[in-house]
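Comments concern the structure below.
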Amino acid sequence: MALAINSPRGTADIFGDDIRYRNFIINNVKELFKVFNFEEMITPAFEHTGVFSRSIGESTDIVQKEMYTFPDKKGRSLTLRPEGTASIVRAVVEKKMLISENIPLKLYYIGNMFRYERPQKGRMREFWQIGAEALGSDDPLLDAEMIWMLNNIFVRLGFKNLKLLINSIGCSRCREDYIIKFREFIKPELTGLCGNCKNRYDKNPLRIFDCKVPGCRAIASKGPKINQFLCAACNEHFEKVKGSLSDLSLDYEISDDLVRGFDYYTGTIFEMISNDLASAQNALGGGGRYDRLLKEFGGPDKPAIGFAIGLDRTMMLMKELGIKYIDDESRAKAYIISIAAAGQPYILDVLKKLRDANIICDIDHTGAGIGAGIKRAGKKDYNIAIIIGDDEIENNKITVKDLNNFKQYSINKEDLLEKIIEIMGAIKND
Ligand code: AMP
């Protein structure tokens with residue numbers, strides 16, 4: 001009997017047009033990171049469980065319900081990464097990368113993440129994130145630069161209709177005062193909260209703000225606002241961040257209820273949302289400061305800030321909005337069709353010249369004739385057909401067909417590259 005196996009729920013096979021979208025996004029973001037002076041880092045897809053449970057926080061949804069945790073054959077508890085920051089911080093501390101001449105240490109990553117969530121549109125169990133981390137400095141300008149970079153990712157990709165939300169959740173001292181007041185407010189509302197949030201009331205009331213049950217969030221949002229409880233230092237920092245965002249002419253909105261779902265955040269937090277997405281999954285990316293995390297991992301007592309964007313969600317929205325990936329239009333893609341009886345050296349010479357010139361090209365191996373070859377080339381998105389018959393070989397010529405407008409040219413073999421450049425120039429200016 002045939003083996004019928006589907007991909008696991010909440011995972012995706014990525015191929016065809018999706019790969020082209022994905023590569024377009026990745027290449028664009030990498031280019032932007034380069035401009036902002038970030039370097040790539042790759043960390044393992046799984047870590048010792050404590051790397052995540054202790055940093056993300058025991059009372060978060062992720063740690064309580066969503067981690068893929070398993071014992072390895074020696075009984076060690078490992079977890080597939082649900083996010084990227086904790087791994088980067090673990091690695092930076094372990095490899096002692098945060099030396100003074102490196103500060104701020106600017107790193108980025110691209111990786112698959114795993115969360116056992118209820119799959120739905122824009123929410124998967126294996127998904128991809130691109131994230132950036134700047135470690136070692138608490139300069140408010142760095143906060144603004146990170147927010148600027150997050151914003152520019154989506155501007156570069158062609159998104160409009162975006163909203164940049166920012167808030168400050170202060171340091172642990174500001175939060176102590178706030179949590180007393182917030183508990184006082186929530187106490188009479190406890191019966192309206194879900195079971196999880198009833199526990200959170202005792203352990204970590206801030207997490208009620210990012211409960212997946214909308215009713216819990218609605219109750220929390222009527223309470224006191226965390227940004228009203230900032231100490232003088234946190235307030236000054238946040239004011240400077242806002243000032244720098246204005247200097248950069250970035251539009252933002254203060255979101256009093258934004259807390260973001262990880263315990264490690266301190267101070268400035270931010271999120272990029274799309275007005276074009278359904279509200280439950282409208283976040284394209286977000287991040288914030290995590291000034292205590294390096295120290296908690298046994299590293300230097302240095303501040304840091306980072307963000308991550310969802311690659312799958314970004315790609316999904318681009319497709320939905322009809323934002324086209326810009327396929328390198330100036331790139332020629334040539335298909336060589338030959339019906340010459342003894343033309344191999346001639347054809348190979350052309351093929352070699354084209355490939356040496358970085359032109360994507362291939363030969364028609366079907367031998368089905370010129371008409372069939374041209375049809376095939378069109379179907380496979382070639383923009384140029386190169387036709388070589390006995391006549392061409394005899395006269396040192398090549399027939400070049402521009403498949404975008406079906407114009408055909410007979411040219412000298414030596415002029416091929418020049419002709420292709422000319423044709424591609426015309427396509428670009430169409
Ligand atoms: P977070 O790490 O939760 O701050 O998420 C950062 C970004 O990753 C979000 O804004 C989403 O774009 C994306 N993301 C988070 N969880 C998922 C998921 N389960 N499926 C797809 N994308 C996700």
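Values as computed for the structure displayed
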{"item": "Where a residue in segment 171-194 is part of a loop (DSSP other than H, G, I, E, B) and its partner, wherever it lies, is open to solvent by 50 Å² or more (accessible area, probe 1.4 Å), with Cβ under 7 Å and at least six apart", "result": "C194/V213"}
{"item": "Single residue of K302, K242 found to be touching a strand residue (DSSP E or B) at 6+ places or on another chain (Cβ under 9 Å), open to solvent by 20 Å² or more (accessible area, probe 1.4 Å) and under 17 Å from A134 (Cα atoms)", "result": "K302"}
{"item": "Filter result (open to solvent by 80 Å² or more (accessible area, probe 1.4 Å) and free of Cβ contacts under 8 Å to residues at least 40 places away in the same chain) within segment 2-18", "result": "A2, L3, A4, I5, N6, D13, F15"}
{"item": "Conditions (1) surrounded by fewer than 23 Cβ atoms within 10 Å (Cβ to Cβ); (2) farther than 17 Å from L162 by Cα; number of the one not met by S249", "result": "(2)"}
{"item": "Verdict on M67 being in contact (Cβ under 8 Å) with a residue 12 or more places away in the chain, surrounded by 19 or more Cβ atoms within 10 Å (Cβ to Cβ) and either away from the ligand (no atom under 16 Å from the Cβ) or on the phi > 0 side of the Ramachandran plot (or both)", "result": "no"}
{"item": "Output for segment 97-148, where each listed residue is in a loop (DSSP other than H, G, I, E, B) and within 12 Å of the ligand (Cβ to nearest atom)", "result": "R115, Y116, E117, R118, P119, K121, G122, M124, R125"}
{"item": "Any hit, segment 273-282, residues being open to solvent by less than 30 Å² (accessible area, probe 1.4 Å), out of contact with any Phe, Trp or Tyr (no Cβ under 9 Å at 6 or more places or on another chain), within 16 Å of the ligand (Cβ to nearest atom) and not in a loop (DSSP other than H, G, I, E, B)", "result": "yes"}
{"item": "Selection within segment 405-420 - open to solvent by 80 Å² or more (accessible area, probe 1.4 Å), under 17 Å from I359 (Cα atoms) and either assigned to a loop (DSSP other than H, G, I, E, B) or touching a strand residue (DSSP E or B) at 6+ places or on another chain (Cβ under 9 Å) (or both)", "result": "E418"}
{"item": "Test: residue in segment 247-259 that is in the same structural domain as M97 (by TED's automatic domain parsing), at pLDDT 90 or above, in contact with a Pro (Cβ under 9 Å, 6 or more places away or on another chain) and within 16 Å of the ligand (Cβ to nearest atom)", "result": "no"}
{"item": "Identity of the residue in segment 70-96, more than 11 Å from the ligand (Cβ to nearest atom) and part of a loop (DSSP other than H, G, I, E, B), that ends up most open to solvent (accessible area, probe 1.4 Å)", "result": "K73"}
{"item": "Qualifying residue in segment 121-131 (condition: modelled with pLDDT under 95, in contact with a helix residue (DSSP H, G or I) (Cβ under 9 Å, 6 or more places away or on another chain) and more than 29 Å from E253 (Cα to Cα))", "result": "no"}
{"item": "Some residue of segment 19-33 being open to solvent by 40 Å² or more (accessible area, probe 1.4 Å), over 17 Å from M315 (Cα atoms), at pLDDT 95 or above and among the basic types (K, R)", "result": "no"}
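The values are calculated or read from the model by the stated rules, or taken from the named source; none is laboratory data. Computed from a predicted model, the values in this text were never measured in an experiment. Positions of Cβ are generated from backbone atoms using ideal geometry, with glycine treated the same way; all protein chains shown enter the neighbour counts. Note: accessible area is taken over every heavy atom of the protein model, side chains too, but ligands, DNA and RNA are not part of it. Shrake-Rupley method; radii C 1.70, N 1.55, O 1.52, S 1.80 Å.
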